[in-house]
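Asker: Quick one: structure below, then a few questions.
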């Protein structure tokens, strides 16, 4: 299994999803070796973690790479030449991961390659070319989701497309993402398998933190509306702020907590300050248990994403008995009922539903009481079973019984 991050060194939901799936697969008797591009300190796992950057050192292999080495691996693995033109930044790190994967694929014993998102697709292709083993690519988000369909990064799109074309099977986290993969990348439906994410908050529950300033707001009769996610165009933070303006006209003692960071943060903060709403907004950068703790202090959680392949934070909020308002443009909306649905662009509708939750205790109670058991049933066990059946179909094909 190839990924880019795992908790606690994760920037978002990708690492959380990888960790949840790998753990559930291990409980279902699948032997998982999880490959990461860089070494780090992680909690004890029931599965093996391999670090691509130090794997060479453990074998006594030289770790100094040059651009010429990329060309050699590109030729050996028969990967399109455009992926091995010299690049800078993140794409260059993705190339390094693919190069280092060559050594791991040659020395490790495995039956299936399962690569998560575009950052590990080149490494997955390398492993497939060397080992001749089946490759499954897992699409957690596409470039169309991350950019809102505007200003696509051509390198990222090309890597995504190549990974899906070379793969023997493609997993998407929702039917919504499946449709995007078919329409925008030209992948046939027969190759795509929808596997919804699950949730496991057991470790986070143990480390939940009381947040004093939020408790003070509640003691003084204030309401708390939560946004938790990256402050990027995909997540719709500007729509959240626009809805907040309308809410504050009716309920001025409402406070809007925005947990996360991203390239829109400065713009959002300037807009709020210019509008004179700063006293009603709090910005927090938090990860792990601290970020998770915000759910239990909020009166309502709002996820107004423009294009959300799944949306694990919705399940996290429901697990905390916190009502949820979520955009219809999300994958998680395909499998849950006890939430309030909105169109991300309809800020009047978002504001109306925030006001409804804050104004009617019976509505808040109904969403809380029904949401908790619903979210609790959506776990990683089912996702792992679906993936295991897919693995077994390829193993049966490769090694038919006599």
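Asker: What number of residues within segment 218-240 satisfy the criterion of being surrounded by fewer than 20 Cβ atoms within 10 Å (Cβ to Cβ) and over 23 Å from the mean Cα position of the chain (by Cα)?
Answerer: Adding up the residues that qualify gives 5.
Asker: Quickly run through segment 289-305 and pick out the residues that are at pLDDT below 95 and touching a helix residue (DSSP H, G or I) at 6+ places or on another chain (Cβ under 7 Å).
Answerer: Matches in segment 289-305: 289, 292, 295, 297.
Asker: Sticking with this one: List the strands (runs of 3 or more DSSP E) that sit entirely inside segment 273-356 and contain at least 2 residues that are assigned by TED's automatic domain parsing to the domain that holds residue 147 and surrounded by 24 or more Cβ atoms within 10 Å (Cβ to Cβ). Spell out how you get there, then give the answer.
Answerer: Details: elements: 281-284, 300-303, 324-327, 340-342.
Ranges flagged: none.
Asker: Go through the residues of segment 359-370 one by one and say whether even a single one is in a loop (DSSP other than H, G, I, E, B) and either outside the structural domain of residue 179 (by TED's automatic domain parsing) or in contact with a helix residue (DSSP H, G or I) (Cβ under 9 Å, 6 or more places away or on another chain) (or both). Step through it out loud before you land on a result.
Answerer: Here is the first cut: in segment 359-370, the residues in a loop (DSSP other than H, G, I, E, B) are 360.
Those still in the list that are either outside the structural domain of residue 179 (by TED's automatic domain parsing) or in contact with a helix residue (DSSP H, G or I) (Cβ under 9 Å, 6 or more places away or on another chain) (or both) too: 360.
Yes.
Asker: Provide a single number: the residues in segment 384-400 that are surrounded by fewer than 17 Cβ atoms within 10 Å (Cβ to Cβ) and either outside any loop (DSSP other than H, G, I, E, B) or at pLDDT 95 or above (or both). Please lay out each step first, then the result.
Answerer: Filtering segment 384-400 down to residues surrounded by fewer than 17 Cβ atoms within 10 Å (Cβ to Cβ) leaves 385-386, 388-389, 392-393, 395-400.
From what's left, either outside any loop (DSSP other than H, G, I, E, B) or at pLDDT 95 or above (or both): 385-386, 388-389, 392-393, 395-398.
Of the residues in segment 384-400, 10 are surrounded by fewer than 17 Cβ atoms within 10 Å (Cβ to Cβ) and either outside any loop (DSSP other than H, G, I, E, B) or at pLDDT 95 or above (or both).
Asker: Quick test for you: out of 356, 383, 362, pick the one residue that is within 24 Å of residue 173 (Cα to Cα) and out of contact with any strand residue (DSSP E or B) (no Cβ under 7 Å at 6 or more places or on another chain).
Answerer: That would be 383, the only listed residue that is within 24 Å of residue 173 (Cα to Cα) and out of contact with any strand residue (DSSP E or B) (no Cβ under 7 Å at 6 or more places or on another chain).
Asker: Could you list, in sequence order, the residues of segment 244-263 that are in contact with a helix residue (DSSP H, G or I) (Cβ under 7 Å, 6 or more places away or on another chain) and either surrounded by fewer than 20 Cβ atoms within 10 Å (Cβ to Cβ) or farther than 17 Å from residue 313 by Cβ (or both)?
Answerer: 246, 247, 248, 250, 251, 254, 255
The values are calculated or read from the model by the stated rules, or taken from the named source; none is laboratory data. Quick caveat, the model's predicted, so the values are computed rather than measured. Note that we place each Cβ from the backbone using ideal geometry, even for glycine, and neighbour counts take in every protein chain shown.
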